[in-house]
Structure formats: structure tokens, C-alpha cells
Amino acid sequence: MLVSFQFPIADVRPFGSIPTLRLSLPDWPEPQTSYYPQFVNYFGKATERRREPDEAWPDEIKFVKASRGLRFNKLEICTVNTSEQIFHPICAYRRLFCDGRAVVRMETGIAHNRKQDKLTKLSIEDVLTILRCVSELPTNVLDRRGVPKTSTIISQGKNLAHLYAHASMNRHEENVVEGYKLVEAGDPMILIELEPHEIADDLFSSEKQGLTLIRKDWINGANALFFRFETSFGAVPTWILQKGSANSDQLRSLRICLSRLHAEREVLDLVLKQIHRRRLLNPPTEEIVDMIDDYFNERTKIINRESWAGIKQSGMAAAFDATSSVIRPAIREQLIRRYEGGRLQVWKKIESFQQQRRSTRSVKVINIESGGSMIERQVNVSGTGNIVNVADYMSDVKNTVNNNISSSSASDEVISLVDELTKEIERISNQIDPVQLKKLGKNVQALSSEVASEEPDKRWYEVSIQGIVDAAKAVGDIAEPVIKVAEKLSLLLLV
């Protein structure tokens, strides 16, 4: 059994106003690996796969060993108890890939130690128990000061992106601080690969609660289940794979295909976001527009291709979308204004992709309890696939605000406006990017806390109100009422 974690990273420094912010070495995607191999600071040296390149993805042959980038805490003494067997985790690999442009990904594999007894006939409950425990393994990632950031493996995406940015930053250039903003973590993905003797007879026989069974003729006869695994940091797309009637090379192609497509989509989403934030094409120059045109053109070809080495890509995408129910149409961002001077036909290629990815959907996620029992829930997905339970989140925000203002000695007008502000945020909560919703919620909670303080500090009022206004402006016209209420509070609290 192998549990693989993928952490996509969008690095748009080559598209920025100072493209030399990223170090010129290694020579991605073909780093030197033989004599004096190239390396990435804090991660490791470049090497080649032991096996031949995959026929669908020939650029997958070289990577950087990343054992220094992600470190485990006493992995050798960790075990996972299923109903009748014990999973002994061992690190199978840690790899860093880069396409030479914007797509970077860190991949880590956790396998069952072959020195222990073989795992046999695992039920879905056993597999999910192992997944839950492995995703919570403690790990360390260094920050920019060299201090270890300890957290569960599933939550290390942002820390890995920060470390990669620091490791590959040309600190002799100006605006290095801005350079860090151009490297961002996407949502992770998990792949579970099972050996034939490890699966129970009925594991892939039919769909189960919350699990989507992929048609075998789409994937060369392999077995595949898809679901969204709910963690404390969000819901993570997860695949369970087994070769079935496919051969080892076909299963390998499937694994690489799923990994690549997830990373490509996540990074394309984040490139579009960086344009929207005015960190790219500000102002647009002919050279940078040409580079982004070329990137968009290549990436949309990868994402829209019908198949890879016999794997029906469109079929897997359909299965993924079948678990979602679109509940409101996407709002087209006016990014085309930022793309003035570009080749508009290239933009049109990604317009439908952008609308689909920014749709708001109602999806099912699986919360795995002790013993592998599954609890299925309905949540909303918005933005670039980030999943939040909007109702639960807003309930927490309202409870915090109500508790604070109920004990506040502030004027009735202030308390009424804080309450109105919370209601306005709730009103638009299902229609906006979850990232901005969390910013609005965090700041209104902080504002209500200061209102309830015995000795309120105006500086904290100013920070909270400005945070609300900035997030509302990022949302657009729909959040105009939020800004108006915040401005009224500013006149009362900051005089």
C-alpha cells in the first residue's frame, strides 16, 4: 500500500516585472543529474527516475530529491491499527518537480514497510483508517529563518511553498519581499495505490457512500475510486487505485496523469488569481504578455486533451464533476482588462475553464471517524476548488460576534452596526470566494472582540475595519453594502 501526497505550488516569478527573482539554476525541466548534479537549497539534489519515462509524460524523468524539504518526526515508531492488521509507515520518496515555468509540485509517498507482515484483503474501512492516520503524521518544514514548522503532513502545503520560494529566491535582486507573494500553494491531492493481495473482494465492486467508482474502460482496465476526504484544513480530493486488468505501466500512467492534471489545474487557477490581484501584467509588457500567452496555450492543451496513453481524461473529469451539483453560475472575472495587448484568442481558450472552476457547487465530502466509519456531509465548493462549509463557518462567526456584543458596553448604534455588518457578510457568503469570506469573518470577529473589550484600542479597530474593507473590495460590487456599514463604524470608532 502506498499513500502519496501531492502539494502543487504556483511560481509566477518568471512572469513578473523582475523575472530574475527566481534563481536560474537548476536548469528546469532538465536539471543536470550526473556529474556535479544541480540542487535546490533546503530540498536536495537533482536525479533521474530509475524507470524509463512514461510515454504520455516524457518530461517526468527528472526531479529533485526533497528529503530535506519535508521531514518526519519519529516515523519509524508510528503504526496504524486497522480492524485486524497493522500498517507500518515508511517514507518511500520525497520529490520536487518543476516544469521550468509556473508549475511546481512536491510529492511524498508513505508505504507499508515490507519488512513487516503483508497487508491482505483490506476493507474500505481499513483503507480509510490508514488514510486518516497517515494524513495526521507529524512533520517538519523549515521557515525562512531555519526554524522547523511542525504540523501534520496534510497541512504542510503552504509551508512547503514558502520554503521553496525562499530556497529558489535570487536575494540579490530588488523587491524580494514582493517575490515571495508570487509563489503560492494550491490545494493538495492524495493518491492511494493498493497491491492486488491488499484489497478485499468487494472493494471496487460497486459505489459506496460518498465514493465514486470510475469506469474501467476509461482507465485501461484499472480500478479507481474517487472521493473528497474531509480534514480540519479542508476537503482533499482523494483517489484509491489498483491495477485490475491493467499492467504496471498503465497504472503508472494513470497515477502520473492524475497527479499532473491536478497540479496543472491548480496552478492555472492561481496564475489567473495573481493577474486579478494585479501582481502580474501591471503594467502588461509585450514580452510578459507573450510568455503568459504561451503558458496559457500549452496548459489548456494539456487540460483539454481527450486522452493520455489510453486514459480517458474527459471521463475522469466527468466522474469528478458528477460528485458536484452546480448551484449558481460562475461570475466571469473581468481579467480580460488586465490582459490588454494580449492575444485574445488564447484568452478565450481558458474562459470556459475559468468559469467552471469559479462556479459554486454543492459537493459531498467524507469525514473519516475512528475505525474507518464514514460520515457523508454536503458542503459548498467555490473559488479554485477550495472547499468550505459556509453554513457552519458563518454560524461560528455569528456566535462569536453575538457573544462579544452581548457583553459590550459600547453604544447601541455601534452594536447595531456590528450586527448589521455580520448579517451583510452572511448574505453574500454563498456567492464569494471562500478565501475572502474567511478574511471577512476573521476581521468582523476581531472587531467585535475589541468592541467588547474593557479598554478598546483604536489601532485594532482600524486594522479590523481596513481588513474588512480590503476583502470586500476584492469581492466586487456584491460586497458594496459591507463597505458602507464598515465606513459608518469607522466614523464612530476612529474619531
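The values are calculated or read from the model by the stated rules, or taken from the named source; none is laboratory data. Bear in mind the structure is a predicted one, so any value in this text is a computation, not a measurement. In this analysis, Cβ positions are derived from the backbone assuming ideal geometry, glycine residues included, and neighbour counts consider all displayed protein chains.
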Requested in this report: Select from the stretch 102-149 the residues that are of a type in the set (Asp, Glu) and surrounded by 19 or more Cβ atoms within 10 Å (Cβ to Cβ) and list them in ascending order.
Outcome: GLU107, ASP126
Query raised in the report: Identify, please: which residue in the stretch 428-444 is among the β-branched types (Val, Ile, Thr) and assigned to a helix (DSSP H, G or I) and is, among those, nearest to VAL397 (Cα to Cα)?
Result: VAL444
Query raised in the report: Exactly one of (1) β-branched (Val, Ile, Thr); (2) touching a Leu at 6+ places or on another chain (Cβ under 6 Å); (3) under 20 Å from GLN436 (Cβ atoms) is unmet by ILE240. Its number?
Result: (3)
Query raised in the report: Looking at the stretch 90-133, which of its residues are touching a His at 6+ places or on another chain (Cβ under 7 Å) and of a type outside the set (Ser, Thr, Tyr)?
Result: HIS112, ASN113, GLN116, LYS118, LEU119
Query raised in the report: Could you say which residue among ALA452, ALA486, ALA471 is of a type in the set (A, V, I, L, M, F, W, C) and in contact with a Lys or Arg (Cβ under 7 Å, 6 or more places away or on another chain)?
Result: ALA471
Report task. Would you point out which residue out of GLU174, GLU184 is part of a loop (DSSP other than H, G, I, E, B) and either touching a residue at least 60 places away in the same chain (Cβ under 8 Å) or within 18 Å of ASN247 (Cα to Cα) (or both)? Result -> GLU174
Query - Matching residues in the stretch 258-269 - criterion: being surrounded by 21 or more Cβ atoms within 10 Å (Cβ to Cβ) and of a type in the set (A, V, I, L, M, F, W, C) - result: LEU258, ALA263, VAL267, LEU268
Report task. Filter the stretch 258-296 down to the residues that are among the polar types (S, T, N, Q) and more than 16 Å from PHE7 (Cα to Cα), then identify the one that is modelled with the highest pLDDT. Result -> GLN274
Query raised in the report: List the pairs whose first member sits in the stretch 131-158 and is over 19 Å from ILE86 (Cβ atoms), whose second member is of a type in the set (Asp, Glu), and whose Cβ atoms are under 8 Å apart, counting only residues at least 6 apart or on separate chains?
Result: LYS149/ASP143; THR152/GLU136; ILE153/GLU136; ILE154/GLU136; GLY157/ASP187
Query raised in the report: Do we have any residue at all in the stretch 126-136 that's modelled with pLDDT of 90 or more, within 20 Å of the chain's Cα centre (by Cα), assigned to a loop (DSSP other than H, G, I, E, B) and not small (Gly, Ala, Ser)?
Result: yes
**Report entry** Count of residues meeting criterion [free of Cβ contacts under 8 Å to residues at least 40 places away in the same chain and under 28 Å from the mean Cα position of the chain (by Cα)] in the stretch 477-495
**Finding:** 1
Query raised in the report: Condition test on ARG94, is it buried (at least 17 other Cβ atoms within 10 Å of the Cβ) and among the charged types (D, E, K, R)?
Result: yes
